[in-house]
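Engineer: Sharing a structure, written as C-alpha cells. Questions coming.
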Amino acid sequence: MKGLIKKDFLLVKSNIKVLVILFIVCGFMSFNGEMNLSFALPFMSVVIMISTFGYDAYNKWDAYVIAFPDGRKNNIKSKYIATIMLLLMITIGVSIITAIITYIKDNTLDFGAILEMALAMLSTTIIMQSIMYPIIYKFGLEKARIGIFVGVFGLGFLASLISKFVDFNPIIQHLDMLNNYWIFILPIATILLLYISYKISEKVYKNKEF
C-alpha cells in the first residue's frame, strides 16, 4: 500500500515545479487583490492528480498492478489516500500563505475565517474529485474528460433554462436557515460522498478488464 501511494507522489513530483510556481504567482496576485488564492491551487491539485491517471494508462500500470494480491483494491485505496494527502498539504499551505498575506495587509488575523475558508476549499475540491474518479475508472481518462466537460456545460445550460420557468426564491429562503450549520453539514456530506465515490470506483475497477 505504501509503495502504491509513493508511486502516485512520485508522479505528482514531476509537476511539483509547476505547483510551486503557481503558489508564488497566485500568492502575489492574491496580495494585490487580483485573485482569490483559496480555490486556485486546490483546483490545480485536481488537474495534477488526474494527470496520474494519464501516466498510469500510458505505462499500462493497471494491467501490472492487478497481478498482485488485492492489487485492484489496494490500487483504488492508494489513489484516494494519495489524493486526500495532497489536498491536505495544499490546504495547509494555502491557509498559511493566506494568513501571512492577511496579516501583512491588515495587521490582523481572523483564524475563524481562515478555518472556514480552508474547510470550504478542501470540501469543494474533494467533492469534485469524488464525482470525477468513478467516471474516470469507468470510461477511461480521455472519454471521462469529454463527458465531464459536456456534463458541466450541460448542467449549466439546464439550470439556466429551468431558472427561467421556476421560482427558486422559496427554496433559497429555506436553505438560508442552514447558514449557521454549514460548517458541520459540509464535512459530513463531503465524507459521505467520498465514501460512496470510493465504493463505486472499487466496484467498477474490480470488474474492469485490462
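The values are calculated or read from the model by the stated rules, or taken from the named source; none is laboratory data. As the structure is a prediction and not an experimental result, all values here were calculated from the model. Backbone-built Cβ (ideal geometry, glycine too); neighbour counts: all protein chains shown.
Engineer: So how many residues does region 55-67 have that are exposed (fewer than 14 other Cβ atoms within 10 Å of the Cβ) and either at pLDDT below 80 or in a helix (DSSP H, G or I) (or both)? Talk me through it step by step, then tell me what you get.
Structural biologist: Within region 55-67, the subset exposed (fewer than 14 other Cβ atoms within 10 Å of the Cβ) is 58-60, 63-64, 67.
Right, trim to either at pLDDT below 80 or in a helix (DSSP H, G or I) (or both) and you get 58, 63-64.
Here the count works out to 3.
Engineer: So Glu34 fits all but one of (1) among the charged types (D, E, K, R); (2) in a helix (DSSP H, G or I); (3) modelled with pLDDT under 70; what number is the exception?
Structural biologist: So the condition that Glu34 fails would be (2).
Engineer: Further, regarding this structure: Does region 156-164 contain at least one residue that is of a type in the set (Phe, Trp, Tyr), in contact with a helix residue (DSSP H, G or I) (Cβ under 8 Å, 6 or more places away or on another chain) and modelled with pLDDT under 70?
Structural biologist: Restricting attention to region 156-164, the residues satisfying the condition of being of a type in the set (Phe, Trp, Tyr) are 157.
Among the residues that remain, those that are also in contact with a helix residue (DSSP H, G or I) (Cβ under 8 Å, 6 or more places away or on another chain) are: none.
Scanning region 156-164 turns up no residue that is of a type in the set (Phe, Trp, Tyr), in contact with a helix residue (DSSP H, G or I) (Cβ under 8 Å, 6 or more places away or on another chain) and modelled with pLDDT under 70.
Engineer: Quick one: is Tyr103 surrounded by 15 or more Cβ atoms within 10 Å (Cβ to Cβ) and either charged (D, E, K, R) or assigned to a helix (DSSP H, G or I) (or both)? Steps first, please.
Structural biologist: Numbers: surrounded by 15 or more Cβ atoms within 10 Å (Cβ to Cβ): no; either charged (D, E, K, R) or assigned to a helix (DSSP H, G or I) (or both): yes.
In short, no.
Engineer: Something else: Which of (1) modelled with pLDDT under 85; (2) buried (at least 18 other Cβ atoms within 10 Å of the Cβ); (3) closer than 30 Å to Ile97 by Cβ is the odd one out, the single condition Ala144 does not satisfy?
Structural biologist: (3)
Engineer: So, in region 169-206, of the ones that are in contact with a Ser or Thr (Cβ under 7 Å, 6 or more places away or on another chain) and within 18 Å of Glu116 (Cα to Cα), which residue ends up modelled with the lowest pLDDT? Let's see the steps before the verdict.
Structural biologist: Step one: of region 169-206, the residues in contact with a Ser or Thr (Cβ under 7 Å, 6 or more places away or on another chain) are 186-187, 190, 193-194, 197.
Retained after the next criterion (residues that are within 18 Å of Glu116 (Cα to Cα)): 186-187, 190.
On the way: Leu186: 82, Pro187: 87, Thr190: 90.
It comes out as Leu186.
Engineer: Name the single residue that is surrounded by the fewest Cβ atoms within 10 Å (Cβ to Cβ) among those in region 68-93 being more than 19 Å from the chain's Cα centre (by Cα) and not small (Gly, Ala, Ser). Quick ask: steps written out before the conclusion?
Structural biologist: Pass one, region 68-93, residues more than 19 Å from the chain's Cα centre (by Cα): 68-74.
Those still in the list that are not small (Gly, Ala, Ser) too: 68-70, 72-74.
Details: Phe68: 12, Pro69: 6, Asp70: 10, Arg72: 17, Lys73: 14, Asn74: 18.
So, considering only residues that are more than 19 Å from the chain's Cα centre (by Cα) and not small (Gly, Ala, Ser), the one surrounded by the fewest Cβ atoms within 10 Å (Cβ to Cβ) is Pro69.
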